[in-house]
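Encoded as structure tokens, the structure appears first; notes follow it.
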Amino acid sequence: VVKLKTALYTNNESLSIPDHAMIIATGKDVDDFLRKVSDSAIILHLNQYGLEFSDDPSSPEAIRGSFDLLKIKMMNSLMNDKEVFINGQGLRDDQINHLRKVALTAGVPAIRVDLPLNAPHPYFMRIPSITDRKEETGPFDIIGDIHGCFDETLNLLEALGYIIICYELDDELHFIVSHAQSRRVVFVGDFIDRGPYPVEVLKLVMDMCEQGQALSVVGNHDNKLRKYLSGQKVSETHGFGLTRNIIDQTPIEFRQKVLNFLSNLPSHLLLNNGDLVVTHAGCEERMHGKDSAKITSFCQYGLVTGEINEDNLPIRGDWAVDYYGKALVVHGHVPENEPMWNSQGNVVRIDTACAFGRQLTALRWPEIEFVSVPANAVYVQRVDIHPLASIEYDSPKGGPAI
Ligand code: MN
């Protein structure tokens with residue numbers, strides 16, 4: 001795992017340079033090194049601009065003006081998703097740190113490389129982002145928000161043709177899932193909250209991911225559980241109170257395993273040569289296959305305005321209206337009665353409100369066919385959802401149907 005925020009490389013190490021990173025390099029033959037890393041990146045130098053501010057490029061005005069201009073050029077390039085490197089000669093440490101912070105704020109990993117003065121340039125490798133899985137080809141079954149609806153998840157997997165073997169070992173449930181046509185599942189996240197069996201859902205999902213039978217992104221509810229399990233304070237709203245009561249009764253080893261699993265889930269997945277993006281709430285084209293705190297937040301929450309409506313639900317901006325990318329983006333997060341396409345036909349939402357009593361939906365890819373199973377009960381009511389389940393959920397009766 002590359003630590004993007006603190007990466008600082010010095011003499012004689014081999015470097016791991018994340019894709020899409022901004023590099024600020026100092027030391028010997030900086031431009032040569034940066035060209036080896038990428039022959040198409042824009043390289044900015046402080047000393048390019050001095051004469052625009054003063055006849056004497058070493059005057060304080062010239063240096064100050066040059067730094068401001070360098071920063072503006074860098075930001076422009078980053079905002080336009082251009083690869084930009086900086087030759088850090090003439091920059092002070094505090095200026096380099098400032099530029100790295102600006103890049104991180106723009107959602108771009110920024111690393112500093114101090115090249116050795118009397119040794120050859122270090123060997124380096126480009127590290128693809130964890131969201132870049134272009135080499136993974138389908139066919140996929142992309143499954144919407146599960147929210148603790150374990151029985152419905154098993155029903156849906158069976159409807160999709162998966163064979164599920166469940167066994168108990170050392171008092172713990174284990175699952176082996178397979179498909180005769182080598183199909184795999186991609187989960188859009190939100191495994192817990194509202195529905196009755198968050199632990200069973202997590203066990204199933206974790207086993208499938210571990211066996212390579214599924215890929216998954218992280219949902220905002222999963223992220224909240226991750227925070228809780230790592231000792232942070234979180235609110236009990238939106239069904240988390242129920243999950244917390246259940247999770248608190250599980251063995252510490254299980255909670256540790258869940259924390260580890262959730263901490264390593266990507267914000268989105270760019271799949272099949274870039275034709276398909278799966279994410280929880282949304283993903284603009286400029287974010288595809290990249291990774292940063294800002295991208296992670298967008299992928300989990302979409303475009304949020306910060307306001308709430310009269311039903312106490314967050315008002316969401318619709319990023320998909322302006323999405324013209326070539327990749328089909330499949331996501332959940334927004335509960336709907338049916339799967340919903342944007343008008344360009346390149347974004348589809350597949351959270352069909354199972355925990356609110358409607359249905360659990362998968363999108364088959366590349367076929368573009370929906371497969372849904374109805375909810376067994378209305379676990380939580382919501383005004384804008386029309387349930388297919390006829391019974392209200394009371395309390396767990398005899399555990400999940402396995
Ligand atoms: Mn959700």
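Observations
- Looking only at residues of region 136-161 that are more than 21 Å from the chain's Cα centre (by Cα), open to solvent by less than 10 Å² (accessible area, probe 1.4 Å) and not aliphatic (A, V, I, L, M), we find that the one that is nearest to the ligand (Cβ to nearest atom) is Cys149.
- Qualifying residue in region 107-129 (condition: surrounded by fewer than 18 Cβ atoms within 10 Å (Cβ to Cβ), part of a helix (DSSP H, G or I) and at pLDDT below 90): no
- The sole residue among Gly282, Gly289 that is under 16 Å from Ile142 (Cβ atoms) and within 10 Å of the chain's Cα centre (by Cα) is Gly282.
- Whichever residue in region 305-329 is assigned to a strand (DSSP E or B) and surrounded by fewer than 16 Cβ atoms within 10 Å (Cβ to Cβ) and, among such residues, is nearest to the ligand (Cβ to nearest atom): Pro314
- Lys101 being open to solvent by 10 Å² or more (accessible area, probe 1.4 Å) and either part of a helix (DSSP H, G or I) or touching a Gly at 6+ places or on another chain (Cβ under 8 Å) (or both): yes
- Subset of region 330-351 (residues that are open to solvent by less than 10 Å² (accessible area, probe 1.4 Å) and away from the ligand (no atom under 16 Å from the Cβ)): Val347
- Residues of region 198-212 that turn out to be more than 17 Å from Asn264 (Cβ to Cβ) and away from the ligand (no atom under 16 Å from the Cβ), as a count: 3
- Residue-level check: of (1) touching a Lys or Arg at 6+ places or on another chain (Cβ under 6 Å); (2) of a type outside the set (Gly, Ala, Ser); (3) without any contact (Cβ under 8 Å) to a residue 40 or more places away in the chain, Val380 misses just (3).
- Ala362 satisfies every condition listed in (1) in a strand (DSSP E or B); (2) of a type outside the set (Asp, Glu); (3) within 15 Å of the ligand (Cβ to nearest atom) except (3).
- The residue that is farthest from Gln48 (Cα to Cα), among those in region 16-31 that are open to solvent by less than 10 Å² (accessible area, probe 1.4 Å) and outside any strand (DSSP E or B), is Ala21.
- Subset of region 34-68 that is in contact with a Ser or Thr (Cβ under 7 Å, 6 or more places away or on another chain), among the hydrophobic types (A, V, I, L, M, F, W, C) and crowded, with 18+ Cβ neighbours inside 10 Å - its residue that is nearest to Ala110 (Cα to Cα): Leu46
- Within region 185-202, residues that are open to solvent by 10 Å² or more (accessible area, probe 1.4 Å) have Cβ atoms under 6 Å from residues that are near the ligand (Cβ under 10 Å from one of its atoms) and among the aliphatic types (A, V, I, L, M) in these pairs: Arg194/Ala355, counting only partners at least 6 apart in sequence or on another chain.
- Test for Met74: is it modelled with pLDDT under 85 and out of contact with any Lys or Arg (no Cβ under 7 Å at 6 or more places or on another chain): no
- For region 256-295, the set of residues classified as in a strand (DSSP E or B), within 16 Å of the ligand (Cβ to nearest atom) and over 25 Å from Ala103 (Cα atoms) consists of Val278 only.
- Of all residue pairs spaced 6 or more apart or on separate chains, those with beta-carbon atoms under 7 Å, a first member in region 102-119 that is more than 17 Å from Ser292 (Cα to Cα) and a second member that is in a strand (DSSP E or B) and not aromatic (Phe, Trp, Tyr) are Val113/Leu15; Val113/Ile23; Val113/Ala25; Asp114/Thr26; Leu115/Ala25; Leu115/Thr26.
The values are calculated or read from the model by the stated rules, or taken from the named source; none is laboratory data. Worth saying up front: this structure is predicted, and the values here are computed from it rather than measured. Cβ: placed from backbone, ideal geometry, glycine included. Neighbour counts: every protein chain shown. Note: accessible area is taken over every heavy atom of the protein model, side chains too, but ligands, DNA and RNA are not part of it. Shrake-Rupley method; radii C 1.70, N 1.55, O 1.52, S 1.80 Å.
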